[in-house]
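Visitor: Quick one: this structure, given as structure tokens, is what I'll be asking you about.
The values are calculated or read from the model by the stated rules, or taken from the named source; none is laboratory data. Please read all numbers here as calculations on a predicted model, not as lab measurements. Neighbour counts are summed over all protein chains in view; Cβ atoms, including those assigned to glycine, are modelled from backbone coordinates with ideal geometry. With ligands, DNA and RNA removed, areas are computed over all heavy atoms of the protein, side chains included. Shrake-Rupley method; radii C 1.70, N 1.55, O 1.52, S 1.80 Å.
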Amino acid sequence: MPVGRSASPGPVRNRRLRFSQPASASPAMAANDKPAVAGFSPLRVELGPRSYDVKFYDGDVAALARDVAAFCPERAFVVTNPTIRALHGAAFLDALASAGVEAVVAEMEDGERYKTLATVSSLLDRLIEGRFTRRTCVVAFGGGVVGDVAGFVAAIFLRGVDYVQVPTTVVAMVDSSVGGKTGVDHPLGKNLIGAFYQPRLVAVNLAYLRTLDEHNLRGGFAEVIKYGVIRDPALFEFLESNLESALALDAAALWRVVRDSCAIKAQVVAADEREGGLRAILNYGHTFAHAIESVGAYRERQFHGQAVAIGMIAAAEVARRMGMFHENDVARQRRLIERAGLPTVMPAGITPDDAIEHMKSDKKVVAGRQRFVLPTRIGEVVVRDDVPMSLVREVLSSLCP
Ligand code: GLY
């Protein structure tokens with residue numbers, strides 16, 4: 001793994017999911033004063049006429065396909081990648097067919113480097129040549145790259161057609177599939193082209209995580225830890241007690257962390273759909289992460305979670321040095337990141353000056369001032385635009401091996 005020093009991830013044990021029964025609460029959950037797990041009940045993203053459900057499944061692809069079919073009055077245009085198609089495509093397409101949906105599959109290459117206008121253009125060619133209509137439903141079946149690209153295609157084809165998200169990675173389940181951020185990268189920066197365009201449904205099949213490689217699984221947990229730090233001390237405490245069970249795909253633990261993460265995302269998006277204010281808190285760790293991702297080894301999406309982990313370490317340390325965040329909480333966050341097998345220092349090949357230079361072109365720079373999301377306690381963050389860049393440089397230097 002081309003990253004800086006990190007705690008040894010250790011083996012992921014018990015990768016089998018046992019989803020045949022509704023997940024039941026573990027003793028640690030009960031101790032956390034949270035409701036016991038009660039089946040796979042859906043969440044609602046409340047956005048007036050653009051509201052939609054996030055639904056959860058325990059491997060029941062037939063039920064998932066029936067729910068997707070409700071949004072497919074005509075043909076479905078299923079965007080996926082070769083990896084997901086090989087693993088799950090046949091079962092998903094059979095289930096769609098049984099639910100009465102005629103599906104056309106469009107594969108895009110796997111990886112962030114294909115999140116481009118060229119890919120969008122070739123998908124639009126397929127739609128136009130195939131005479132798809134305004135009643136087409138685009139189905140994003142894959143991870144974050146597939147979801148962002150397919151959502152953007154749906155946003156612009158015939159000035160907008162319906163789409164549903166069927167995420168297959170942790171990052172896509174807890175972050176990118178919910179909230180309607182769609183788009184592609186530009187050679188000068190990530191996510192610079194796109195649209196806010198909400199899906200009609202997010203269909204989360206936790207069983208798809210069974211085939212996710214360990215690196216991606218652990219990377220996804222950076223986003224889960226993020227939700228605990230920004231908004232939910234109970235989720236953070238739950239992770240402190242149950243992280244290894246969740247990483248081992250214990251059904252109850254996994255359900256709890258994915259659902260709670262999605263619930264926070266849904267609340268934040270409902271309050272601030274177009275990132276005029278509150279939604280910026282979802283970028284905790286991401287200002288640093290995007291700078292880290294600008295260097296070679298981290299450019300691929302599969303390192304996003306790892307970059308976010310380092311970004312959260314950096315943001316917490318900036319907050320500590322500004323007297324805003326207690327050192328005990330810095331240590332708690334670090335321990336959780338280490339236990340998740342995520343890196344805590346900058347990768348080789350990036351200097352503090354490189355990172356700071358990159359930050360200047362970040363979308364989040366407002367009136368020339370860099371904005372940072374900084375924690376004040378576990379469960380609360382603030383957005384600050386008065387962080388001295390000299391302090392940022394000092395912290396980055398301390399994280400360079
Ligand atoms: N991934 C951050 C957001 O959706 O706003």
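Visitor: From 166, 149, 178, which residue is aliphatic (A, V, I, L, M), touching a residue at least 24 places away in the same chain (Cβ under 8 Å) and in a strand (DSSP E or B)?
Guide: Just one listed residue meets the conditions, 166.
Visitor: Look through region 314-360, keep the residues that are open to solvent by 40 Å² or more (accessible area, probe 1.4 Å) and among the aliphatic types (A, V, I, L, M), and return whichever of them is farthest from residue 389 (Cα to Cα).
Guide: Taking the candidates together, the pick is 348.
Visitor: Might you let me know whether region 243-250 holds any residue that is part of a helix (DSSP H, G or I), touching a residue at least 24 places away in the same chain (Cβ under 8 Å), within 14 Å of the ligand (Cβ to nearest atom) and in contact with a Lys or Arg (Cβ under 9 Å, 6 or more places away or on another chain)?
Guide: No; the residues of region 243-250 include none that is part of a helix (DSSP H, G or I), touching a residue at least 24 places away in the same chain (Cβ under 8 Å), within 14 Å of the ligand (Cβ to nearest atom) and in contact with a Lys or Arg (Cβ under 9 Å, 6 or more places away or on another chain).
Visitor: Within region 118-146, which residues are in contact (Cβ under 8 Å) with a residue 60 or more places away in the chain and over 20 Å from residue 65 (Cβ atoms)?
Guide: Of everything in region 118-146, those that are in contact (Cβ under 8 Å) with a residue 60 or more places away in the chain and over 20 Å from residue 65 (Cβ atoms) turn out to be 119, 120, 144, 145.
Visitor: A further question follows. Condition first: open to solvent by less than 20 Å² (accessible area, probe 1.4 Å), away from the ligand (no atom under 11 Å from the Cβ) and under 14 Å from the mean Cα position of the chain (by Cα). Now tell me which residues in region 163-200 satisfy that.
Guide: If the condition is that a residue be open to solvent by less than 20 Å² (accessible area, probe 1.4 Å), away from the ligand (no atom under 11 Å from the Cβ) and under 14 Å from the mean Cα position of the chain (by Cα), then 165, 166, 167, 168, 170, 173 are the ones that fit.
Visitor: OK, next. Taking only region 71-103 into account, find how many residues are under 24 Å from residue 132 (Cβ atoms) and either crowded, with 16+ Cβ neighbours inside 10 Å or touching a residue at least 40 places away in the same chain (Cβ under 8 Å) (or both).
Guide: Qualifying residue count for the region: 22.
Visitor: Is there any pair linking a residue in region 259-280 that is under 16 Å from residue 223 (Cα atoms) to one that is away from the ligand (no atom under 12 Å from the Cβ) and among the aromatic types (Phe, Trp, Tyr), with Cβ under 9 Å and at least six apart or on different chains, and which?
Guide: Taking only residues 6 or more apart or on different chains, the pairs are 259/40; 259/56; 260/238; 262/56.
Residues checked against (1) more than 21 Å from residue 341 (Cα to Cα); (2) open to solvent by 10 Å² or more (accessible area, probe 1.4 Å); (3) among the acidic types (Asp, Glu):
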{"position": "239", "(1), (2), (3)": "no, no, no"}
{"position": "244", "(1), (2), (3)": "no, yes, yes"}
{"position": "267", "(1), (2), (3)": "yes, yes, no"}
{"position": "274", "(1), (2), (3)": "yes, yes, no"}
{"position": "285", "(1), (2), (3)": "no, no, no"}
{"position": "290", "(1), (2), (3)": "no, yes, no"}
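Visitor: Please pick out the residue among 227, 208 that is closer than 26 Å to residue 137 by Cβ and crowded, with 24+ Cβ neighbours inside 10 Å.
Guide: Of the residues listed, the single one that is closer than 26 Å to residue 137 by Cβ and crowded, with 24+ Cβ neighbours inside 10 Å is 208.
Residues checked against (1) more than 22 Å from the chain's Cα centre (by Cα); (2) within 16 Å of the ligand (Cβ to nearest atom):
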residue	(1), (2)
74	yes, no
88	no, no
129	yes, no
140	no, yes
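Visitor: So, restricting to helices (runs of 4 or more DSSP H) that lie completely within region 271-341, which ones have at least 1 residues that are more than 15 Å from the ligand (Cβ to nearest atom), in contact with a strand residue (DSSP E or B) (Cβ under 9 Å, 6 or more places away or on another chain) and at pLDDT 95 or above?
Guide: Passing ranges, in order: 304-321, 327-339.
Visitor: Just to verify a result, which residue in region 369-397, among those that are assigned to a helix (DSSP H, G or I) and among the charged types (D, E, K, R), is farthest from the chain's Cα centre (by Cα)?
Guide: 394
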